[in-house]
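Undergrad: Pasting a structure here, questions to come.
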Amino acid sequence: METLFIADDEKNIREGLKCILEWETLGFALCGEAANGEETLSGILQKNPSLVLLDVRMPKLTGIDIVRIAREQGYRGRFIILSGYSDFSYAQAAIRYGVEYYLTKPIDEDELLEAIQSIQKAIKQEQQTSDNIALYREKAKDVILYELITGTWKTDGSTGLSSADFQSMGLLSDLYQVVICEQFGPMPAYKTYHFAELLNITNNNNHSFEHFSVDGKEIILLKGSFALRRFEDFLNHYEKADLQKGSPLDSLFLAYGHPVKNPDEIYLSYEEAAALTNRRFFCTQGQHTLGYQELPVMFAHNNTVSDLELNKFCTDLTNYLQANNRKQVASTLFSLEEYLYNVDSSIDSVKLFLTDLFLQLKECINKIYNSSRISFPTNSAIIDYIGSCNYLYEIILYISGQVKSVMDSNDNSTRDSILEDILYYIDNNYNKNIKLETIAPLFGYNSAYLGKLFTKAIGENFNSYVDHRRIEHSKKLLERQNIKVYEVSEQVGYKNVDYFHKKFKKYVGISPAEYRRQLSLDDSE
C-alpha cells in the first residue's frame, strides 16, 4: 500500500479530496495532512509519502517552495499540484522540480483519477526496476564473493570496481578470514547450527560474515576484527569442550586459514583452509578444528604409503602377537598411526593401505591359531567398515580391538603385568603425543577405568606420571650444554617451549635455564 499526504489551507477542500476517490481501492492510504507550507514540508520529510496532493497557494511557504526544498532534502515521491490559477509560470516552475501533474481547481474527478492511475503504474514499474537491480546486484555480489574466495577474481583493475563498490556490497573490511565448516556425521533432525549462532553474533545485512556452500561444505568469509575475535573466542571454547557423543557440535569440523587484510589476499586464506579440510581424517579423537598453525607440520609430509612398510607392520604385529607381547603390539599400532599421519597420500590410499594390512594380518593369524577360537569379521565387513570411517584413529582402534581379542584368547596376563607394560610403553614413548584416551584401548581397557587403576597402583594420575618422566629425561638432556632449551622441550614431547618452562618449574622449582646454570656452578666447584 502506497501513502498519501494532502496539503491545502482550506479544510473543506482537504475533506473533499479525501472523499473524491476510493483511495484504498487505488492502493493509497492517507498518512497525513497539513494546512500551511511549514507543516506540509515537515510532514513530507518526516513521513516520506508516496504521493502529495499540494495546493500551490499555501500560507508561510508556497507549493513551489515546498517542492523545491523537499527535493533538495532528498524527497523522491510524487507531487500533484492543485491550483485555482492557470498561470503558466507556476506550471513551468513545478515541471523543473519533477512535478508531472498540475491540476486546476475545481478538481475534475476523472482528471484526478487518470493522474493517480498513471502515478500508481509508474510507482509499480519503478519498484519492479528497483527489485531487479537489487537482484542483479546480489547475484553480482555472489559471483564476486565466490571469485574473491576461490582466487579467480581479476586483480589487474579490468573489472572496473572501486573500493566504493566493494563498500556498497558490504565486502570492504579491515580484516578477513576464511573458515570451512563441514558436517561429517549424522546431526539430529531437530537441530541445525547456523554460523551466527556458533559465534553468538547477529549478521544483519551480512555485516559480520558472508557464506555459501560448495560440495556440502559451508564456506564462510569472516569480515572485520570483531567477527574474527568472536571466532577466536568460539574456538577456545570449542576445542576445550567435552562434547557428548551424538551432540550436534560433535558432528562439525572447522578448518581456517590465516587472517588477511586485503580482498585480493582472501583466496590465500581459503586455500589454507581447503588444504586443512583434507587433513580432517588424521585428527585425533575429539579434535574438531584445524587452523593455519598446523600448516608447517602438514607441508613437511613427503612420504607415501608403500607395500614395504605394509609388510613390515604386518610382520611385526604377527610376531608380537605370537609372543603375546602387549606392549610391543601397542607400540607398533602407535607407530602405524604416526607413520600414516606423516604420509602425503590421499585418504583413499591410506584406507586401502589399512584394509590390505588388516586382511593380511587376519590371514597370518588364522594360519597360526585355530580359527575356530578367533572370531574375525568377514572380509567384506572389514572393507565396508574401514571405508566408512571418518578418522584414522577409528580404524586403528578397530584393528586394536580385533588384535586384543586374539591376545585375550591366549593370554593369562595379570593386571599388574599390564600396568608394567604401560609404564614401559610410557618410558619409551614419552617424547610422543601420548594420551590415556589413545593408549588405553591398545591395552584393552576403557580409559576412565584404566585411569583409576593407574592412579591407585602408581600413586599419581597418568598425565602427572608422563610429565614426571618427561621432566626427568629433560634434566639429563640439560646436562648437555650443546642442546638448546627449545630443542630439549621438543625431544621430551613438549611442542610449546613456554608450556615446558611451566611444567619444569612446577616439578623442579626452577626454570630449565636456572637448572642448567646451577649444574654449571656445581661442576666448577
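The values are calculated or read from the model by the stated rules, or taken from the named source; none is laboratory data. Owing to the predicted nature of the structure, the values given are computational and were not obtained by experimental measurement. Every residue, glycine as well, gets a Cβ built from its backbone with ideal geometry; the counts of neighbours run over all protein chains shown. Each accessible area value is taken on the protein alone, full model and side chains, heavy atoms only, with ligands, DNA and RNA left out. Shrake-Rupley method; radii C 1.70, N 1.55, O 1.52, S 1.80 Å.
Undergrad: Is it the case that ASP65 is in contact with a helix residue (DSSP H, G or I) (Cβ under 8 Å, 6 or more places away or on another chain), modelled with pLDDT of 80 or more and of a type in the set (Asp, Glu)?
TA: Criteria met by ASP65.
Undergrad: Just checking, how many residues over region 72-99 are touching a strand residue (DSSP E or B) at 6+ places or on another chain (Cβ under 7 Å), at pLDDT 80 or above and not hydroxyl-bearing (Ser, Thr, Tyr)?
TA: Of the residues in region 72-99, 7 are touching a strand residue (DSSP E or B) at 6+ places or on another chain (Cβ under 7 Å), at pLDDT 80 or above and not hydroxyl-bearing (Ser, Thr, Tyr).
Undergrad: Of these, SER520, SER474, SER511, which one is buried (at least 19 other Cβ atoms within 10 Å of the Cβ) and of a type in the set (S, T, N, Q)?
TA: SER474
Undergrad: Here's a follow-up. Inspect region 324-342 for any residue being closer than 30 Å to ASN236 by Cα and in contact with a strand residue (DSSP E or B) (Cβ under 9 Å, 6 or more places away or on another chain) and give the result as yes or no.
TA: yes
Undergrad: Let me ask another. Give all pairs with beta carbons closer than 7 Å in which a residue from region 426-449 that is more than 21 Å from ILE395 (Cα to Cα) and at pLDDT 80 or above meets a residue that is among the aliphatic types (A, V, I, L, M) and part of a helix (DSSP H, G or I); count only pairs at least 6 apart in sequence or on separate chains.
TA: Every condition considered, the pairs that remain are ILE426/VAL466; TYR430/VAL466.
Undergrad: Which of (1) closer than 25 Å to LEU436 by Cβ; (2) open to solvent by 60 Å² or more (accessible area, probe 1.4 Å); (3) part of a loop (DSSP other than H, G, I, E, B); (4) not aliphatic (A, V, I, L, M) does ARG480 not meet, given it meets every other one?
TA: All conditions pass for ARG480, except number (1).
Undergrad: Please enumerate the residues belonging to region 251-289 that are of a type outside the set (S, T, N, Q) and closer than 16 Å to TYR393 by Cα.
TA: Result: PHE253, ARG279, ARG280, PHE281, PHE282, CYS283, GLY286, HIS288.
Undergrad: Looking only at region 381-401, filter to residues that are of a type in the set (A, V, I, L, M) and in contact with a helix residue (DSSP H, G or I) (Cβ under 9 Å, 6 or more places away or on another chain); which one of those is surrounded by the most Cβ atoms within 10 Å (Cβ to Cβ)?
TA: Among residues in region 381-401 that are of a type in the set (A, V, I, L, M) and in contact with a helix residue (DSSP H, G or I) (Cβ under 9 Å, 6 or more places away or on another chain), the one surrounded by the most Cβ atoms within 10 Å (Cβ to Cβ) is ILE395.
Undergrad: If you check GLU460 against the conditions, is it among the acidic types (Asp, Glu), over 30 Å from SER400 (Cα atoms) and open to solvent by less than 70 Å² (accessible area, probe 1.4 Å)?
TA: no
Undergrad: Restricting attention to helices (runs of 4 or more DSSP H) lying wholly within region 1-102, give those where 1 or more residues are touching a residue at least 60 places away in the same chain (Cβ under 8 Å).
TA: 11-20
Undergrad: How many residues are open to solvent by less than 40 Å² (accessible area, probe 1.4 Å) and over 18 Å from LYS105 (Cα atoms) if we restrict to region 6-25?
TA: 1
Undergrad: Looking only at residues that are among the hydroxyl-bearing types (Ser, Thr, Tyr) and not in a strand (DSSP E or B) in region 259-297, which one is surrounded by the most Cβ atoms within 10 Å (Cβ to Cβ)?
TA: That would be TYR270.
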